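Novice: Questions regarding the structure given below will be posed in turn.
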Amino acid sequence: MELQTVSDVREFFREALHTALGHQHLHVQDHTEHYIVNLLAMFAHTEALFEPDADRAQLKPLAVLLAEAVEAQDDRQRFRMLQRMGDVALFVSGFMAGGLARRPVDVDYHIAMGGRAYATLATAPFHGAQRVLGCVFEELARKFQPLVDALNEIGEGAAKNSPRDVLRLYDLWHKTGSRRAHRLLLKLGIRPVAAGAFAH
């Protein structure tokens with residue numbers, strides 16, 4: 001693995017995302033790409049991703065973020081909580097999917113929750129120049145799973161294919177239908193078969 005130094009983290013993520021989207025044969029609007037790049041740059045700072053706690057920083061569960069959105073005092077606060085929920089779900093399922101396998105909620109849960117949060121945001125009454133934000137959220141909701149695949153590629157760029165990695169790829173394909181995981185398994189000589197497809 002070659003160490004890469006960058007002076008602008010946004011430019012690094014822009015190039016990496018553009019390359020990954022090309023590999024995934026996925027097109028997103030410029031505004032959506034810009035949103036994702038800013039999201040990745042923001043969460044490159046751990047204090048933006050993790051919630052401060054008495055002992056250590058930790059991720060607030062998506063269910064708690066949803067509850068906070070439901071109980072929000074006004075639409076503006078509800079919007080912020082749903083956006084945080086979608087953003088965290090996209091980042092975590094894209095970059096931390098391997099760690100989710102050891103938790104009570106898996107990557108498919110994060111994909112479902114994040115996609116629904118963005119879909120809800122897309123229906124908000126946007127006016128004027130902000131209408132483009134509604135289109136961004138709609139595209140993020142509609143393409144959430146393929147975007148997770150693209151972020152997986154960025155995060156796993158230097159990963160080796162240990163048996164654990166292969167099992168994680170199969171699990172990811174089985175739970176989410178990830179096309180990228182399917183292609184990688186085929187490339188490794190593994191033809192994934194859906195559960196229940198075997199003849200008895």
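Novice: Need the failing condition index for Leu133 against (1) open to solvent by less than 10 Å² (accessible area, probe 1.4 Å); (2) modelled with pLDDT of 85 or more, just the number.
Specialist: Of (1) open to solvent by less than 10 Å² (accessible area, probe 1.4 Å); (2) modelled with pLDDT of 85 or more, only one is false for Leu133: (1).
Novice: Just a yes or no: is a residue in the range 61-74 open to solvent by less than 40 Å² (accessible area, probe 1.4 Å), at pLDDT below 90 and not in a helix (DSSP H, G or I)?
Specialist: Checking the range 61-74: not a single residue is open to solvent by less than 40 Å² (accessible area, probe 1.4 Å), at pLDDT below 90 and not in a helix (DSSP H, G or I).
Novice: Considering only residues that are surrounded by fewer than 13 Cβ atoms within 10 Å (Cβ to Cβ) and assigned to a helix (DSSP H, G or I), look in the range 153-193 and name the one that is modelled with the highest pLDDT.
Specialist: Leu186
Novice: Filter the range 1-55 for residues that are over 19 Å from Ser93 (Cα atoms), modelled with pLDDT under 85 and assigned to a helix (DSSP H, G or I) and give the result.
Specialist: Val9, Phe12
Novice: Among the residues of the range 110-130, count how many are modelled with pLDDT of 90 or more and assigned to a helix (DSSP H, G or I).
Specialist: Of the residues in the range 110-130, 13 are modelled with pLDDT of 90 or more and assigned to a helix (DSSP H, G or I).
Novice: Further, regarding this structure: Starting from the range 107-134, take each residue that is more than 20 Å from Ala67 (Cβ to Cβ) and list its partners that are basic (Lys, Arg) and open to solvent by 30 Å² or more (accessible area, probe 1.4 Å), counting only C-beta distances under 9 angstrom and pairs at least six apart or across chains.
Specialist: Val107/Lys175; Asp108/Lys175; Ala122/Arg142
Novice: Can you name the residue in the range 85-109 that is open to solvent by 50 Å² or more (accessible area, probe 1.4 Å) and in contact with a helix residue (DSSP H, G or I) (Cβ under 7 Å, 6 or more places away or on another chain) and is also modelled with the highest pLDDT among such residues? Steps first, please.
Specialist: Step one: filter the range 85-109 for residues open to solvent by 50 Å² or more (accessible area, probe 1.4 Å), giving 95-96, 101-105, 108-109.
With in contact with a helix residue (DSSP H, G or I) (Cβ under 7 Å, 6 or more places away or on another chain) added as a condition, the list becomes 95, 101, 108.
Values: Phe95: 82, Ala101: 52, Asp108: 87.
Ranking the qualifying residues of the range 85-109, first place goes to Asp108.
Novice: Filter the range 70-88 for residues that are of a type in the set (A, V, I, L, M), touching a residue at least 24 places away in the same chain (Cβ under 8 Å) and farther than 15 Å from Ala48 by Cβ and give the result. Walk me through it before giving the result.
Specialist: Step one: of the range 70-88, the residues of a type in the set (A, V, I, L, M) are 70, 72, 81-82, 85, 88.
Okay, now just the ones that are also touching a residue at least 24 places away in the same chain (Cβ under 8 Å), so 82, 85, 88.
Result: Leu82, single match.
The values are calculated or read from the model by the stated rules, or taken from the named source; none is laboratory data. Quick caveat, the model's predicted, so the values are computed rather than measured. Neighbour counts are summed over all protein chains in view; Cβ atoms, including those assigned to glycine, are modelled from backbone coordinates with ideal geometry. Side chains included, ligands, DNA and RNA excluded: accessible areas come from the protein's heavy atoms. Shrake-Rupley method; radii C 1.70, N 1.55, O 1.52, S 1.80 Å.
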